[in-house]
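The values are calculated or read from the model by the stated rules, or taken from the named source; none is laboratory data. All of these numbers come straight from a predicted model, not from anything done at the bench. All Cβ positions, glycine included, derive from the backbone under ideal geometry; neighbour counts span all protein chains shown.
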Amino acid sequence: MFPAIANADCPWVRIISCAETELPDPGVPPYLSGMQADDPKRLAFEAAYAKATAAVHRRYNRFRRKHGLSPLPDGLFLEVSPDLNLLLAPSAVRHERQVPLPEDRFVFLEGCVRKENHFSMPSLPVKDGPLIYMSFGSLGAIDTGLISRMIDVFSTIPARFLVNVGGFLDAYETVPDNVFLGSWFPQPSVVAESDLFIHHGGNNSFCEALYFGVPSLVMPYCWDGHDNAQRTEEKRLGKRIDRASWTADELRADILSLLGDVPMRRHLGTISDYMKANSGTALAVQAIRQTILSK
């Protein structure tokens, strides 16, 4: 949060583009924790988080005071806008807050999904089977050892896999017949055609899976990925798997169970229909326009 924004003497909009957990509430899990709201270790996590961020938080609040702004509570580095706050969290994954957010200043957008060019399926020696897309983003692609382990498991599953390996194509010497490696994919277009999406829980990936009604296998490693992974499992939108401790049998079983979970797919289809019928971008435009006209 830059003091220049709050001091600009004009209405301003905060877009909460990651998990809803950015806005604290007793009914919402602690931000970045990957916990449920009622986790018995919640207080311990919050205390550890406050301790870890205490020094930089004090410096930040001194900076705020210097520029005429009041200090923020412990652990918080972002403030809500007094004018309008837009949240990308779809209704299917929202939390039941103990203190409801004022509807005139907090608008949920049902996600805002990117549009990409049409995706043309590359030619693979294996022609049949469900299509599974995997991407951990540009940062996650650095972990070539992890991805190599996963590709070894993919070779034993009767499905086709598209794997985003970023700028590390040269790190993979042999590729199974049912796997295609790419340095980049038009992700929304690929997810729309996929039967399963394996990802790290980033909010774009999380919302795109819901928008297209695709189950997720989430392997988080940073930021809001932990919160989105927990919500995925809690709301039966897919599964969460630890990044380090899985075995080949566990990964294979999770993939096969998600591909065969018909009730989950029907539930995701209902969510997809609702999100597509309620344009997040259109609602954002409407809310921003109303904020301008009210000032």
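When D261, D227 are screened for being farther than 21 Å from P158 by Cα and among the charged types (D, E, K, R), only D227 passes.
Going by the structure shown, is T174 of a type in the set (V, I, T) and either at pLDDT 95 or above or assigned to a strand (DSSP E or B) (or both)? Don't jump to the end; show me each part of the working.
Values: of a type in the set (V, I, T): yes; either at pLDDT 95 or above or assigned to a strand (DSSP E or B) (or both): no.
For T174, the condition - of a type in the set (V, I, T) and either at pLDDT 95 or above or assigned to a strand (DSSP E or B) (or both) - is not met.
The C-beta contact set for region 115-127 (first residue under 12 Å from F185 (Cβ atoms), second residue among the β-branched types (V, I, T), distance under 8 angstrom, 6+ apart or interchain) comprises F119/V190. So in region 238-269, with the set limited to residues that are free of Cβ contacts under 8 Å to residues at least 24 places away in the same chain and in a helix (DSSP H, G or I), which one is farthest from the chain's Cα centre (by Cα)? Looking at the filtered set, the residue picked out is D249.
Looking at F206, F161 in this structure, which one is farther than 19 Å from L139 by Cβ and either in contact (Cβ under 8 Å) with a residue 24 or more places away in the chain or part of a helix (DSSP H, G or I) (or both)?
On the way: F206 fails: farther than 19 Å from L139 by Cβ.
Going through F206, F161 in turn, just one is farther than 19 Å from L139 by Cβ and either in contact (Cβ under 8 Å) with a residue 24 or more places away in the chain or part of a helix (DSSP H, G or I) (or both): F161.
Table: residues versus (1) touching a strand residue (DSSP E or B) at 6+ places or on another chain (Cβ under 8 Å); (2) of a type in the set (A, V, I, L, M); (3) closer than 30 Å to C10 by Cα; (4) modelled with pLDDT of 95 or more.
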position	(1), (2), (3), (4)
R243	no, no, no, no
T247	no, no, no, yes
E250	no, no, no, yes
S257	yes, no, no, yes
H267	no, no, no, yes
S272	no, no, no, yes
G280	no, no, yes, no
R289	no, no, yes, yes
I292	no, yes, yes, no
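Hey, among the residues in region 188-203 that are out of contact with any Phe, Trp or Tyr (no Cβ under 8 Å at 6 or more places or on another chain) and in contact (Cβ under 8 Å) with a residue 60 or more places away in the chain, which one's farthest from G238 (Cα to Cα)? The extreme case among them is N203.
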